[in-house]
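Please read the structure below before turning to the comments.
The values are calculated or read from the model by the stated rules, or taken from the named source; none is laboratory data. In this text the structure is predicted, and so the values were computed from the model without any measurement. Just the protein is used for accessible areas: all its heavy atoms, side chains included, with ligands, DNA and RNA removed. Shrake-Rupley method; radii C 1.70, N 1.55, O 1.52, S 1.80 Å.
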Amino acid sequence: MPFASKMANQRHLVAIRDSFVDISPIIIANSLFILLNALVFSNETVNEFIDLSSLSDLALMVNNGTLGIMTIFVTFLIGYRLASHYISNGKIERKNLSELHAGILSLALAMVMFPLFNEVTPVDSPEPIEVTGVYLQSLTSSGGLFVGIIAALLGTELLVKLSNKDKLHIKMPEGVPPAVAGSFNALIPECLTIAIFAIVTFAVVKGTGQSIPDIIQLIISAPLQTAMESPFGLFVVQSFTQILWFFGLHGQNIVSSVTSPPMLTAIQQNVDAFNAGEAIPNIVTNPWIGMYTLFGGTGAILPLLIAIIWVSKRKDYKNIAKIGLLPSLFNVSEPIMFGLPVVMNPYLAIPFIGVSLVNLTIAYPLTVLGLVGRSVVIPPWVLPPIITTWVTTAGDIPATILSILLFILDIFLYMPFVLAANRGMSENIE
């Protein structure tokens with residue numbers, strides 16, 4: 001627990017995690033338009049009655065303005081939040097460094113690290129051509145996340161160190177507005193930081209013949225996404241998440257700083273393939289994991305509540321279950337996690353950790369075989385179970401039926417442990 005708590009509060013991981021949380025509204029907005037496009041605008045049945053296919057461009061426009069430039073948002077926010085941490089902790093004075101300056105600089109550094117020249121294929125032309133002055137959407141979307149994260153973390157750390165050196169500040173006379181004085185205070189540290197990043201990027205590109213995003217993709221992004229897409233990686237991450245939650249720590253928040261970049265890349269690739277009418281490439285994404293494990297909250301809390309109401313003889317369990325039933329219907333599980341409690345409850349440890357793994361063990365091979373659909377939408381997290389699966393898979397009936405069956409299975413998996421909790425109470429009373 002001390003290790004997990006330290007991880008949960010580590011400044012760099014918190015900055016990354018909170019930045020992804022900040023952009024969740026626009027991600028959900030994009031998902032709603034993707035869903036609308038799949039179920040209405042591009043739906044062949046609907047278009048037989050009224051042709052709405054021309055409106056599919058609406059979903060593309062929204063995607064361009066949200067997921068299409070998510071690296072830009074995240075890079076700025078990581079720099080902003082990391083600088084805020086140092087300012088709030090007194091590691092640097094606000095007059096020497098503004099959060100806005102750190103965010104803007106982080107974004108500038110990411111753009112410096114993006115390639116100068118890119119290959120594109122013109123419309124109606126089989127041959128690619130090289131262009132300059134263009135940032136590819138494959139980089140400004142999830143494909144450039146690792147570049148943005150590295151630029152924001154290293155750039156902000158360097159900026160903070162340089163900004164703490166008084167000799168690098170330009171003293172402005174009295175009466176100069178604070179915003180102007182702050183900009184001049186940050187002028188030399190920012191110029192030095194940009195120069196260092198530009199020189200290193202130039203040397204790496206000339207020395208290797210590859211761009212920074214290509215190198216990062218080769219070393220970090222591709223192996224991590226491959227690991228997450230494997231059954232072993234999936235079960236390790238899910239087990240770790242559930243164990244952290246059992247000890248009262250927010251498992252998703254702790255692991256998300258590591259898992260979010262490859263998971264967002266995976267769902268972005270699925271969305272792009274879905275919009276293009278191509279085969280969906282990835283199985284494991286955060287929405288895919290959620291639609292089979294978040295039945296009312298982490299650990300399938302809603303099936304637990306139904307099991308308690310059905311078979312438990314403990315009045316305290318039944319009363320808390322009834323109170324938590326409505327929140328859990330919308331995936332708010334904290335009243336049960338800490339009110340029942342599930343946290344540190346030895347009777348519920350095995351099913352709480354194991355039920356999600358059982359669900360994924362069943363769902364993964366069925367998805368591999370193509371018997372159930374893959375995730376192509378990021379749904380709002382408050383959608384009730386089962387509906388979430390239907391939305392995430394853009395209306396796939398087999399996947400929805402699988403969620404119903406797993407939901408029922410989870411109720412029966414929880415039952416013997418609920419009964420064990422009843423017996424444990426009786427023995428303690430005796």
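Data for the structure
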| quantity | calculated |
| --- | --- |
| Region 334-351 and region 366-401: distance between their alpha carbon centers, rounded to Å | 27 |
| Equivalent ellipsoid semi-axes - Cα gyration tensor, the chain, angstrom | 43, 31, 18 |
| Proximal aspartates and glutamates relative to Lys165, as straight alpha-carbon distance under 18 Å, when same-chain residues fewer than 8 apart are discounted | Glu93, Glu99, Glu157, Glu190 |
| Over the chain, relative contact order from alpha-carbon pairs under 8 Å, at least 6 apart, % | 15 |
| Evaluated at q = 0.10, 0.12, 0.20 Å⁻¹: base-10 log I(q)/I(0), Debye formula over Cα of region 294-430 | -0.34, -0.48, -1.14 |
| Accessible area in the full protein assembly, largest first, 1.4 Å probe, for Trp288, Trp381 | Trp381, Trp288 |
| Centroid-to-centroid separation of region 50-117 and region 181-219 [C-alpha atoms, Å] | 17 |
